[in-house]
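What follows is a short report on a single structure.
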Amino acid sequence: MGKLRPPKPVKLFLGMIAREPELFTECTRLFAQEFGPVDLVSSILSWDHSEYYREEMGTGLLRMFIFFEPLVDPELLAAAKHHSIRIEASFSEPAAAAVRRRINLDPVYLTEAKVVLATTKDFPHRIYIGKNIYAESTLHYHKVGRSFQAVEHTYPDFRTETCLKLFNEARNILRAKLFQ
């Protein structure tokens, strides 16, 4: 029989995509008010991995990741996604027939074993976690290569060497906190 144990705390982070880099600063501030100080920040990267956001957000998109210092309960992922939806809406502006989103915010967490992304969309590889939110295990850590590795449904930018290096660095920070 299995023994019930509380989950280990996880490292929460936020993936941001926008055309205007100043939105990254403002969203970092808003998320830090809710989830604590930031201890790791990516550089601003160009985001040209698909056409998915073109109609809604335009071209010339940029990507940035911020990682929060406090470790959290993984159950917090759904609340973080709801927070991101509210912030996205606050920065949206009216467009001809719809609302134009200026920034895309994706809460994510990592453990020693995986990177888990929150989403509102259901697909076969996603698990419902409550509050109308699904979770996707998008990268898995492999001891042999000492790195996170993509799975079939991993987004193209999460597969890049730059992102994998960043996520591995965040994993090292998580492990240092877990074992201190």
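For the reader, a short list of remarks on this structure follows.
- When residues of the range 116-125 are limited to those that are out of contact with any helix residue (DSSP H, G or I) (no Cβ under 6 Å at 6 or more places or on another chain) and surrounded by 20 or more Cβ atoms within 10 Å (Cβ to Cβ), the one nearest to Arg171 (Cα to Cα): Val116
- Here Leu76 passes the criteria (1) open to solvent by less than 20 Å² (accessible area, probe 1.4 Å); (2) over 19 Å from Ser90 (Cβ atoms) except the one numbered (1).
- Qualifying residues in the range 139-159 (those that are over 22 Å from Phe123 (Cβ atoms) and not hydrophobic (A, V, I, L, M, F, W, C)) - the one least open to solvent (accessible area, probe 1.4 Å): Ser147
- Residue in the range 168-180 that is more than 15 Å from the chain's Cα centre (by Cα), at pLDDT below 95 and either of a type outside the set (Lys, Arg) or closer than 30 Å to Thr59 by Cβ (or both) present: yes
- For the range 35-71, the set of residues classified as exposed (fewer than 13 other Cβ atoms within 10 Å of the Cβ) and part of a helix (DSSP H, G or I) consists of Arg54, Glu55, listed by residue number.
- Matching residues in the range 101-115 - criterion: being in a strand (DSSP E or B) and in contact (Cβ under 8 Å) with a residue 60 or more places away in the chain: Ile103, Asn104, Leu105, Asp106, Pro107, Val108, Tyr109, Leu110
- Within the range 152-166, the residues that satisfy the criterion of being among the hydrophobic types (A, V, I, L, M, F, W, C) and either modelled with pLDDT under 95 or in contact with a helix residue (DSSP H, G or I) (Cβ under 9 Å, 6 or more places away or on another chain) (or both) are Phe158, Cys163, Leu164.
- The range 85-100, residues that are in a loop (DSSP other than H, G, I, E, B) and either open to solvent by 90 Å² or more (accessible area, probe 1.4 Å) or at pLDDT 75 or above (or both): Ser92, Ala96, Ala97
- Of the strands (runs of 3 or more DSSP E) lying entirely inside the range 120-180, none contains at least 2 residues that are within 20 Å of Leu71 (Cβ to Cβ), touching a Cys at 6+ places or on another chain (Cβ under 8 Å) and not basic (Lys, Arg).
- Residue under evaluation Ser50, criteria (1) touching a strand residue (DSSP E or B) at 6+ places or on another chain (Cβ under 9 Å); (2) within 19 Å of Thr160 (Cβ to Cβ), criterion not met: (1)
- Residues in the range 1-27 that are surrounded by fewer than 17 Cβ atoms within 10 Å (Cβ to Cβ) and within 19 Å of Glu88 (Cβ to Cβ): Arg19, Glu20, Pro21, Glu22, Thr25, Glu26.
- Taking the criterion of being out of contact with any helix residue (DSSP H, G or I) (no Cβ under 9 Å at 6 or more places or on another chain), of a type in the set (D, E, K, R) and more than 15 Å from Ala113 (Cα to Cα), the only residue of the range 126-148 that qualifies is Arg126.
- Pairs linking a residue in the range 164-178 that is more than 16 Å from Gly145 (Cβ to Cβ) to a residue that is outside any helix (DSSP H, G or I) and open to solvent by 60 Å² or more (accessible area, probe 1.4 Å), with Cβ atoms under 8 Å and 6 or more positions apart or on different chains, are Leu178/Lys8.
The values are calculated or read from the model by the stated rules, or taken from the named source; none is laboratory data. Note that this is a predicted model, so its numbers are computed, not measured. Cβ coordinates were reconstructed from backbone atoms using ideal geometry, including for glycine residues, and neighbour counts include every protein chain displayed. These area figures cover heavy atoms from the full protein model, side chains too; ligands, DNA and RNA do not enter into them. Shrake-Rupley method; radii C 1.70, N 1.55, O 1.52, S 1.80 Å.
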